[in-house]
Every structure is written in C-alpha cells, then in structure tokens.
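As structure tokens, the structure follows; a few thoughts come after it.
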C-alpha cells in the first residue's frame, strides 16, 4: 500500500536532538488530528527509540539518526528510527524489561515502553551495522460531532 504522505529526516545523535525528533514526528502526524493520548503515545515511543540511538548505538561518539514517517489512508502511522551504530547482538535479550548495557541511571525499559505505546513494534539489528526500529500505530478516526 502506498503512503498518503511521508517524511524523512536525519540528524546527529546529540541528546539535544531527541526533543527535535519528537516534535518533528508529532507535527507531521498532526494532519491526522490525533487525540492528545495518541499524540503522546507516538511522541514517547519516538523519544525512546531516538534515545536508544544516542545512548547505545553510538555510545561515546556522534553518529546519524534517521527517521522515516509514513501515513496511510486507514490512519496507520509507521515510524522507522534507524542508526548505523554498534548494533544489538541479542535482540530478544535487549527487549527484556530491565536489561541494559549502560551503567548508571538507565532502567532498560526503552523497548518495553515502545511496545506499550504502539500497536506493533519490530526491531532488526546487525552487530557493527546498526539497528532499525519500526513502530506502527493507528490513529482512530473519530465520528463527526453531532450538530443537534
């Protein structure tokens, strides 16, 4: 199925750009007139995916984060966040709540959060080549308000 609309962007993996990514994706999907909850869900999922690129994929270096967002006729939004960083050796293990490869404050809940705020989550990765996270969410069409 061909998307009705699509956007792509890329930016350096600086923590300051996490907010930019959230705002850019939410501004793009605003054309679907999502509810506040739907918009917050997508913003949170995008934030987690981008943060994973910044914190884990490029660790102590700066790389590029790529986002592609597509909107389909049925209100389905597909957001792909990808990097060309270190990759994930064991995706199943990485997706377990509380698993983290970082020291300190990281809770290891990024994938669990992405999964809970989207309808579908797919993660693919190759060590040394990078990771791709595809998140899908359908924006529910609301019936027009009754004018009586």
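General observations
- Flag if residue 142 is out of contact with any helix residue (DSSP H, G or I) (no Cβ under 9 Å at 6 or more places or on another chain), modelled with pLDDT under 95 and more than 19 Å from residue 19 (Cα to Cα): yes
- For residue 85, the criteria (1) in contact with a strand residue (DSSP E or B) (Cβ under 9 Å, 6 or more places away or on another chain); (2) exposed (fewer than 13 other Cβ atoms within 10 Å of the Cβ); (3) closer than 24 Å to residue 127 by Cβ hold in every case but one, which is (2).
- Counting only residues that are touching a residue at least 60 places away in the same chain (Cβ under 8 Å) and either within 23 Å of residue 111 (Cβ to Cβ) or assigned to a strand (DSSP E or B) (or both), region 2-20 holds 5 of them.
- Filter result for residue 47 (surrounded by fewer than 12 Cβ atoms within 10 Å (Cβ to Cβ) and touching a residue at least 24 places away in the same chain (Cβ under 8 Å)): no
- Among the residues of region 41-69, those identified as over 12 Å from the mean Cα position of the chain (by Cα) and modelled with pLDDT of 95 or more are 62, 63, 64.
The values are calculated or read from the model by the stated rules, or taken from the named source; none is laboratory data. All values reported here derive from a predicted model rather than from experimental measurement. Using ideal geometry, Cβ is built from the backbone for each residue, glycine included, and neighbour counts are taken over all protein chains shown.
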